[in-house]
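The values are calculated or read from the model by the stated rules, or taken from the named source; none is laboratory data. Computed from a predicted model, the values in this text were never measured in an experiment. Cβ atoms come from the backbone with ideal geometry, glycine included; neighbour counts cover every protein chain shown.
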Protein chains: 2
Amino acid sequence: MIHRGHLHTISKAKSLGDVLVVVVARDSTIRQRKKREPISDENQRVSLISSLRQVDAAILGVEGDIYDTLERVKPNVVALGYDQHHMESEIEREGRARGINLTVVRLDSPDPSVKTSVLLKDT
Amino acid sequence: MIHRGHLHTISKAKSLGDVLVVVVARDSTIRQRKKREPISDENQRVSLISSLRQVDAAILGVEGDIYDTLERVKPNVVALGYDQHHMESEIEREGRARGINLTVVRLDSPDPSVKTSVLLKDT
């Protein structure tokens with residue numbers, strides 16, 4: 001499901017460039033990271049994200065190595081969500097090693113209480 | 001929060017005309033109808049709905065009388081969600097009484113299990 005925290009993140013990311021490609025997490029990643037089943041499956045999440053006006057394309061992440069996705073998209077800017085565990089410096093280094101000159105930006109959170117897990121608990 | 005059931009409804013509604021105006025329920029209506037607090041408040045819901053590509057405008061319903069909203073928008077088509085309690089014939093009659101020549105369409109549900117209340121229970 002899409003909530004206002006996602007919209008905040010997407011608006012911030014869109015403001016960093018011209019074309020916004022959103023990489024949607026795989027079901028396998030969600031199971032591993034969140035220790036629960038996804039509410040919607042990965043194809044439904046791509047379709048939800050694609051329905052947002054500010055999103056130019058939504059794609060599923062390549063399973064296994066995040067750098068395969070980087071090579072596929074060749075972005076100028078990588079915007080990480082505030083709660084993503086990836087390291088800014090490592091992504092910049094690995095991008096350069098693949099001939100992609102990119103900047104990594106860490107987005108802030110509008111409000112740490114705006115998370116699906118918290119919103120679900122409140123209802 | 002926006003889920004795939006909402007997207008289905010919005011796509012169907014959009015296909016019935018050129019400009020899609022979504023009337024977002026008031027907090028007071030949600031409290032009364034669903035017997036719970038809204039997950040996001042009414043202004044946040046307007047902003048969420050406005051972020052969808054297919055939505056041309058999202059407005060809050062006029063409190064009290066749904067026909068005040070009808071007079072404000074003057075639609076050619078009114079698309080009702082599959083679970084809205086309003087009567088098609090009454091809306092057509094009240095529209096005509098106000099000089100608005102409209103057709104009322106009842107949208108179907110993609111899948112009755114795709115409702116926020118059901119999705120929340122599943123997590």
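Computed values, structure above
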| item | result |
| --- | --- |
| Options B:46, B:24; residue that is under 24 Å from residue B:108 (Cα atoms), modelled with pLDDT of 95 or more and of a type outside the set (Ser, Thr, Tyr) | B:46 |
| Checklist (1) without any contact (Cβ under 8 Å) to a residue 60 or more places away in the chain; (2) surrounded by fewer than 17 Cβ atoms within 10 Å (Cβ to Cβ); (3) on the phi < 0 side of the Ramachandran plot applied to residue A:38, failing item | (2) |
| Check on residue A:96, on the phi < 0 side of the Ramachandran plot and more than 15 Å from the chain's Cα centre (by Cα) | yes |
| Yes/no for residue A:76 being over 30 Å from residue B:46 (Cα atoms), at pLDDT 95 or above and among the polar types (S, T, N, Q) | yes |
| Number of the exception - residue B:31 against (1) without any contact (Cβ under 8 Å) to a residue 24 or more places away in the chain; (2) closer than 23 Å to residue A:48 by Cβ; (3) surrounded by fewer than 17 Cβ atoms within 10 Å (Cβ to Cβ) | (2) |
| Answer from B:109, B:113 - the residue that is among the small types (Gly, Ala, Ser), modelled with pLDDT under 80 and surrounded by 13 or more Cβ atoms within 10 Å (Cβ to Cβ) | B:109 |
| Verdict on residue B:61 being closer than 21 Å to residue B:2 by Cβ, more than 14 Å from chain A (Cβ to nearest Cβ) and surrounded by 13 or more Cβ atoms within 10 Å (Cβ to Cβ) | yes |
| Those residues of segment A:1-24 which are of a type in the set (Gly, Ala, Ser) and either surrounded by fewer than 17 Cβ atoms within 10 Å (Cβ to Cβ) or within 11 Å of another protein chain (Cβ to nearest Cβ) (or both), in sequence order | A:5, A:11, A:15, A:17 |
